[in-house]
Amino acid sequence: MEDLIKGRLGGADGYSIRCAIDGDTIKGRAGGKLHGKDIALEITERGVQGTVGSESVKIELEDGELRGNVGSQKLTLRGVDRVTGFMGEPIVGWNVVAQQSGEKLVGQLGSTVLGRPFELDLGSAPGWVGTLVAVVAFYALEPRANVSVSR
């Protein structure tokens with residue numbers, strides 16, 4: 001059975017997110033036709049892997065947390081319907097916080113001033129899946145989210 005995750009990242013002047021979930025596969029798009037990226041993720045026994053645009057996504061369950069990379073950025077997520085985490089490096093990174101209430105997920109990437117809010121309809125998907133889709137979309141569409149810091 002196919003289910004949908006759909007909503008917005010960044011409010012009215014942000015981006016749309018629309019993904020279909022079919023079994024363990026999540027496929028869809030963040031953004032529009034001119035400025036958007038395809039999302040293709042697969043939930044495996046060890047975590048989640050796939051692509052967003054031409055970037056790879058590989059996250060594994062480790063010590064009760066999902067840890068890995070979305071493109072060049074490190075990602076850690078914890079929780080199921082109340083999800084917290086962090087994307088990036090400690091100095092240049094984004095806090096992740098989201099709360100599922102029924103089929104709705106409301107969250108924030110980064111600070112309340114400089115960050116991006118998101119709101120998604122989850123269908124029957126758990127909150128952590130919606131949060132992961134929002135983080136992947138943020139990485140794909142926000143230029144400041146996928147800049148590597150050279151040391």
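Calculate the dipole size of the stretch 1-122 relative to its Cα centre from +1 charges on Lys and Arg beta carbons and -1 charges on Asp and Glu beta carbons; express the result in debye to the nearest 20.
Values: 15 positive and 18 negative charges, 95 e Å.
Around 460 debye, computed over the stretch 1-122.
Which percent of the accessible heavy-atom area of the stretch 1-40 goes to carbon and sulfur, probe 1.4 angstrom?
51 percent
Please say if the stretch 58-145 is rounded, prolate or oblate, where rounded means a/c under 1.5 for a ≥ b ≥ c the square roots of the C-alpha gyration tensor eigenvalues, and otherwise the choice is prolate for a/b larger than b/c and oblate otherwise? Spell out each step's value before the answer.
Values: a/c = 1.70, a/b = 1.21, b/c = 1.41.
Since a/c reaches 1.5 but b/c is at least a/b, the shape of the stretch 58-145 is classed as oblate.
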Task: Environment charge of Arg67, counting only residues whose C-beta is closer than 15 Å and scoring Lys/Arg +1, Asp/Glu -1 - done: -1
Open item on the list: Let me see the P(r) profile for the stretch 51-99: every Cα-Cα distance counted, bins of 10 Å, each bin given as a percent of all pairs.
Closed with: 27, 51, 21
Task: Highest-MSF residue in the chain out of Thr84, Thr131, Thr112 [GNM, Cα springs under 10 Å] - done: Thr112
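Around Leu105, under 15 Å between beta carbons, what's the net of Lys plus Arg minus Asp minus Glu among the other residues? List each step's numbers first, then the result.
Working: positive: Lys6, Arg8, Arg18, Arg82, Lys104, Arg116; negative: Asp3, Asp81, Glu103, Glu119, Asp121.
Local net charge: +1.
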Open item on the list: Contact order normalised by length for the chain, with contacts defined as Cα pairs under 8 Å and 6 or more residues apart; what percent is it?
Closed with: 20 percent
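On full extension of the chain, what length is gained from Ser124 through Val92, given 0.36 nm per residue of separation minus the C-alpha to C-alpha distance? Before the final figure, lay out the partial values.
Details: separation 32, 0.36 × 32 = 11.52 nm, distance 3.36 nm.
So the extension gain works out to 8.2 nm.
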Open item on the list: For Cα Rg over 2.2 N^0.38 Å, pick the label among (i) 2.16; (ii) 1.66; (iii) 0.93 that corresponds to the value derived from the coordinates.
Closed with: (iii)
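Send over a whole-number figure in Å² for the accessible area per residue of the chain, probe 1.4 Å.
Values: 7990 Å² over 151 residues.
With all protein chains present, the chain gives 53 Å² per residue.
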TODO: Treating cross-link reach as a plain straight distance, find the lysines whose alpha-carbon is under 23 Å from the alpha-carbon of Lys6, omitting any fewer than eight places away in the same chain.
DONE: Lys27, Lys33, Lys37, Lys58, Lys104
- [ ] Find me the longest stretch of the chain that has none of the exposed GluC sites (Glu not before Pro), where exposed means in a DSSP loop (not H, G, I, E or B) with at most 16 other Cβ atoms within 10 Å.
- [x] 46-102
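The values are calculated or read from the model by the stated rules, or taken from the named source; none is laboratory data. The structure displayed is predicted, hence computed values, not measured ones. Cβ atoms come from the backbone with ideal geometry, glycine included; neighbour counts cover every protein chain shown. The area values use the complete protein model at the heavy-atom level, side chains included, leaving out ligands, DNA and RNA. Shrake-Rupley method; radii C 1.70, N 1.55, O 1.52, S 1.80 Å.
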